[in-house]
Structure formats: structure tokens, C-alpha cells
Amino acid sequence: MLKELAEVLSFRGRTDGGPFLEAIIEETPECIKIVGPDGSLLRMNGAGLRMIEAGSWVTVDGASTPSLIAEEDRDTWLANHGRICAGEKLSWQFDIVGLKGTRRHMETHAVPIQLEDGRTGQLAITRDVGERRQTELALQSANEQLDQLVKEQTKELERAASKLGETERNFRLLVKSVVDYAIYMLDIEGNVASWNEGAERAKGYSAGEIIGKHFSNFYTEEDRAAGLPELGLVTARTEGRWENEGWRVRKDGTRFWASVVIDAIREDGEVIGFAKVTRDITEKKAADERLRQAERLKAVGVFTGGAAHDFNNLLTAVLGSLELLRKRLPGDPRSLALLDNAVQGAKRGAALTQRMLAFARRQELKSESIDIGTMLAGMSDLLVQSVGPTVEVEMQISRDLPRVTTDQGQLENALLNLVVNARDAMPNGGKVSIAAKFLHGQAAVALDLTPGDYVCITVKDTGEGMDRETLGRVREPFFTTKGVGKGTGLGLSMVDGLVAQSGGRMRIESDPGKGTSVELCLPADEASKPDVAAPDAAVDAPASPIRKLRIMAVDDDALVLMNSVAMLEDLGHDVVEAASGSQALQVLELGEAIDLIITDQAMPGMTGVQLAEAVRERHPAMPIVLATGYAELPPGADTKMVRLAKPFTLGQLFQAVVQAIPPAPASP
């Protein structure tokens, strides 16, 4: 490449097309320079002058190049310069110090050049590569900068096109060195007139195979039928430029997503051809799509978590009111049946909000140390019953599996969900295989997991399987392949959220006609923590009383507040109401004697955590119960506060009060 450029710079016998090449050399963003055998600077383009901070060529004409090299790199530069003048071609890196003191890390590619006086000097293309030492920018920012770079380089070539001073052949040799961009010329009809190495690399054609052929060969059949190549030329001819992105076809038939710019080349105001720059941005397009998908799922997660919070508030009021109503209804069997039906409906709604929170990763997990083998053995009868007589269930559980830490109830629900999905994928019967194995260290890395030890549970069926498009969407919330009313579309989203919140990962493999395999990998608990029994979701208030308390209930939702007050009064306590954190503080400032505060977390103006912090500043010993359906609290929140999960029952409310203020010991 540099040898050919040397021919360009030393060519003095022809003038046709002269301004064209001269402008490209002058306007290219890389430094192009000629150095005499004694190290004197004989020629340098504008980019080079800017790199060394020279205002004009006059200020550096004949200057000593070594004086611009950083002191520690100067000996190496001089040695390499001598080798180049002796006939070698070299590439290396060094630092320069500009006339104003700016230091730059440079990469140069140099070849010997025969000067007009017969001596041998150095011809070099030098670029600033200091950015290689910096941390990569975020993906979107990097893509934007790359796009801007392409536009700037294209503009540089445009400006250069009107001024060049050498032949078209030498222009092709110059641009041939650019390998990241396909840069080539088209004649007035759109036939390829020049071809660089970047074009050969991107499209697979050698110059001999493509020069003289129409550039529409690179377009898909659909785009050719739609007249897209012709549109590009017409637009460039009338407007001066045409920019486009779309699929292009390589010689071997494979496709790539390309960013294309076509600029009209004019001479005396008349279009004589076109300059074309193409860049393969397939990876950028895929990365952008992944980013959009992640942002979309994040937005859905935020919405889902917020909606689940509102549902939890409503269900808290409904379930609490139904419990209180049961205690006041007469023993009419029909009335009690209707009441039980309403309670079951509310509990199903609560289960749905748990799935929504699991997808949004805001569900509070009751983590405990679980023996997977024991858990699966205990579920075997339930799993067999859930699939029916036409489906065989096979279990293969490795011995001596380490324990894992997660919410056992949620994990059991997730496995049951997967088995039911497998059953639905085998309407004519089949086989479900459930296996659990230990995954160690490097084996985990091979599966793209964070290094460590895992216990992996696999549910595999022999059902219909899924095509690639369906497989790519199964994690999406509310996406389901089941009929109307047969699925919420939150099943796999819930499973994925549970596993991720537990520090693991869900993997899915499926092929049409070959079945589906879902693998849940959970981090192994090497410490094998002792089992922690999860509280029963429907604990009844025990008969043993606790002393009567004066409790302040704080909630911005009037329905929830009214329900909480009624439940606390039913438990025998006096209750003070507050509809916000600030109102609760005002009550305390008035000197109200309060034994306990039960507060909602998500409130406008002041959250429950913020209220707790403000209360503790004035009353450090004040017991506080935080009622919330979310798993995560702000950093620095008091983790010792009693947590009451929404929606809650009368029994769960009683237990929270007891936990915050244990009952006084009975008198002897």
C-alpha cells in the first residue's frame, strides 16, 4: 500500500485528474509525510500539521523530525529511519510531542521512497492511536461515534474529490489501503470502475471479477426488483448524495447489513461518475437490536412492578375485608360458600401479582437452604398427578448434590409450571424427564455462567418443540402460545425472574418436533445453611393474647388504610391513622403515645423507609413494621425492620405485630 502511495507522490508526468488525488492526500485525517535521509521534514499534509500543532507548512518546512519524537522513543525512531532509507518497510508505534507540548501516541507505516535528487527517504502514513489505551465507551456511544467517523471521512473524501492532482489509477492505489470500508468508483452508468481492499474484504470479489460490472450485483433480488440501485444513482445525481442502510449480498451469497453512501463526482458542473463508500454494520445492527430489546423489557418490568404494587394494595383491602366479614357472617352455608369463592378469587389474584413481581424481579423471596433431591422427591407425586396418565414422568437426581439458597415455595411453583408446560406441549402423550446435577467451575463457564458451582435442574419433554422465532420470545412477559384463557404469558417470565433474583440463570433449548429442554442453574450453597422454615401464608391468629397496643397505621391508599385499621382493631388494638409520612410525623410531634408504627413503603413524598429514618432520629426505640410487596429496599435501609408482605392476612398481621413487640410473659 505505501509503495503504491510512494508512486503517487513521486509521479510528476501527468496532470489529468490532478486535483482529485492531491485533495484526498491533503484532506485525509491521517498524517502523510516524506522525511529526508537526514531526518528533515520534506512534506506533510494538513492532518499531520494539526497533529504536531503547526499553524502552517512554512513553520516546519525542513524541520528535524526527530525533534518532534518523545525523547524515550527518539533512538528507536532514528534506528528505524535508517533501516527504511536502506530499503526496509517498517511499522511501529511511538509518542510525539507537538509544538505546543501536546503528547500523542502514534502508529506509523513507512516505506522507502526515491526522492527527486536521487536520495532515498521515508514515506509514512501515521495515525494517532492513543484511544486504544482508553476504556471502551458504552455500546451506543461507540456506535454513534463510529457513525460520525464514517460521515466525517466521507465528507473528507468529498472535499478531496474536487482538488486532486494525480491520476485515477493512483487514486485507486491510495484508497486500496483502507480495509474497513469498501471505497470504490462507479461510472455514470453505475458500473464499478475501481476497487479497494476493503471492498474485496467486505464483498468477496477481487478487482478482476467485479470491475466493469454493475454495482446492483451487491443488492438483494428484492431490492433490485424494487429499483433501489437506480434510485440511489438518481438521488446522488440530482441531490449530490444518497445515504441508505440495508441488506447487501456477498459473492458467496451471504448477506450483511450495510451503511451506504453514494456521492456524485462532478467536473465543470457535470456528473461524470460516483464515489461509493460501504461499511459492514451487521454487528452494530444486532447490538442495537439487543439494546432496544433490553430497554423494552426494562420498561415492561417497571410497568409490571408498578401494576403489581397497585394490585397488591387492592388485594390487601379485599382479603382483609373478607376475613373480617367471615367473622361477622352468620353460619349460612350458602353465604360462607360465596365468601370462600371470593377469597379463592382474591388469592388467585395475589398469585398473579407474585408472578408479575417475579418477572419484574421485585418479589420478596423467602430464602432458605434447600436440598434439591429431597424437594424433588417430595414433589414427585404432585408432578405425576399434574401431567395425567398419558405422560410418563422420569426423574434422575444425582446423589450428594450441594444445597442451594432460594425461595422453596417459588421454586416448587416454577418447576410445576415447567412440567405443566411440558404436558401441554404433548397433547398426544409423551415423556417428561426431570434431572438434577452438579455443575462445577469451568463447566459453568462453558455454559456462559458466572464462574462458580451450580445445581442445575432440567425439565425436558418429547413434545412439539418451538421454532427459532417462538424460542426467542418465550421469556417476554405476556407472550404465550396457549389459547385464550389458558395462560397468562407470565409463567416463564416468572421462572426467569426467580432464578435471576436467586443469582442463577435459565437456559432454554428447543427444536420443532424434537421437544424442549429448560434448565434452571442455581448457585450452590457450599455452606449448607440450616433450613429456615417459611411462614405459612395463611397463619391464623393464635389464641394467646398480647397486650393492647396503640398502633399508628400509615398508608396513602385509603382502601388499604381502612382495611388495616379494621384488622388491627379486630385484634384488639387502638389505632391512629395517617395518610402520609409527613402526617405520621405530625402525629408524633403532637405527643401521641404510640407503641408501634405499621407503614406502607411506596408512598409519594416520603417512602416508608424514609419515614422510619425520620422517626428513629426522634424515637430511636420505636418499633416499626414495613408493609410492602417489593423485594428490594433502598441501599442503607434498616434491614432489621419487621417486613410484612402485601397482600397480608389477619394472621400474618398478628405475627408481624408479635415479631415487632413480643407478648409479655404470662404471670405465674
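Among the listed pairs LYS203/LYS285; LYS213/LYS276; LYS89/LYS203; LYS203/LYS284; LYS33/LYS151, a Cα-Cα separation exceeding 22 Å is found for LYS89/LYS203; LYS33/LYS151.
Distance between the 7 Å Cα→Cβ label points at THR238 and VAL271: 1.0 nm. Look at the dipole of segment 171-275 built from charges on Cβ: of GLY253, GLY212, GLY232, the Cα furthest out on the positive end belongs to GLY253.
Computed from the C-beta positions of GLU469 and GLU222 and an R0 of 35 Å, the FRET efficiency is 0.95 to the nearest 0.05. Centre-to-centre separation between the Cα atoms of segment 19-63 and those of segment 391-435: 71 Å.
Other residues within the sphere of radius under 11 Å centred on the Cβ of ASP555, judged by their own Cβ, net out at -3 (K and R +1, D and E -1).
Determine, from the Cβ-Cβ distance of GLU245 and LYS100 and an R0 of 51 Å, the FRET efficiency 1/(1 + (r/R0)^6), rounded to the nearest 0.05. Plugging the Cβ-Cβ distance into 1/(1 + (r/R0)^6) gives 0.80. Give the residue list of trypsin sites (Lys or Arg not before Pro) in segment 97-126 that are DSSP loop and have at most 16 other beta-carbon atoms within 10 angstrom. Answer in residue order: LYS100, ARG119.
Annotation: extensible slack from ASP453 through MET562 equals 34.4 nm (criterion: 0.36 nm per residue apart, minus Cα-Cα distance). Since only SER386, GLN408, THR374 are under comparison, the one whose Cα sits farthest along the positive direction of the charge dipole of segment 365-416, derived from C-beta charges on Lys, Arg, Asp and Glu, is GLN408. As a rough footprinting exposure proxy, the listed residues LEU411, LEU549 were ranked by other beta carbons within 10 Å of their own, and the order from fewest upward is LEU549, LEU411. For the pair segment 199-244 and segment 606-625, the centres of their Cα atoms are 69 angstrom apart. Set Lys and Arg Cβ to +1 and Asp and Glu Cβ to -1, take the dipole of segment 550-660 about its Cα centre, and tell me which of SER582, MET567, MET641 lies farthest positive. It is MET641, whose Cα lies furthest towards the positive end.
Between THR254 and ILE188, the contour length at 0.36 nm per residue exceeds the alpha carbon distance by 21.0 nm. Taking 0.36 nm per residue of separation and subtracting the current Cα-Cα distance, fully stretching the chain between ARG507 and GLU209 would add 102.7 nm.
Any read-out appearing in this document is the output of simple, stated calculations on the displayed coordinates, not a laboratory observation. As the structure is a computational prediction, the values presented were derived from the model and not from experiment. So basically every Cβ, Gly included, is an ideal-geometry build from the backbone, and we count neighbours across all protein chains shown.
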